[in-house]
Amino acid sequence: METEQLLAFVEANDINDVYVLIRWPYVQDLMEYHWFNPECYLYKSFGLQRSYFVPIGRILKIKEPG
């Protein structure tokens, strides 16, 4: 399984092809962005508490100054 994950990372053509798992409650702030629903994938849901895979490129853009 680790080899498959590593190959997926190595073969990524774009930074938005790489995802990071964001857990509750941190994902709440991201849910307000227009790109969240079409670009993120639900991982686990426990009632209202949800974890999502989010493109790492989106996270990096949020962290950029300006």
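The values are calculated or read from the model by the stated rules, or taken from the named source; none is laboratory data. None of the values given here were measured: they were computed from a predicted structure. Note: ideal-geometry Cβ built from the backbone for every residue, glycine included; neighbour counts use all protein chains shown.
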_Close pairs (8 angstrom Cβ cut-off, 6 or more residues apart or separate chains): of a type in the set (G, A, S) in region 37-59, loosely packed, with under 11 Cβ neighbours inside 10 Å and in a strand (DSSP E or B) anywhere_ = S51/L42
*Which residues, counting only those in region 21-54, are under 10 Å from the mean Cα position of the chain (by Cα) and among the aliphatic types (A, V, I, L, M)?*
L21, I22, V27, L30, L42, V54
*Looking only at residues in region 16-44 that are surrounded by 13 or more Cβ atoms within 10 Å (Cβ to Cβ) and part of a helix (DSSP H, G or I), which one is modelled with the lowest pLDDT?*
N16
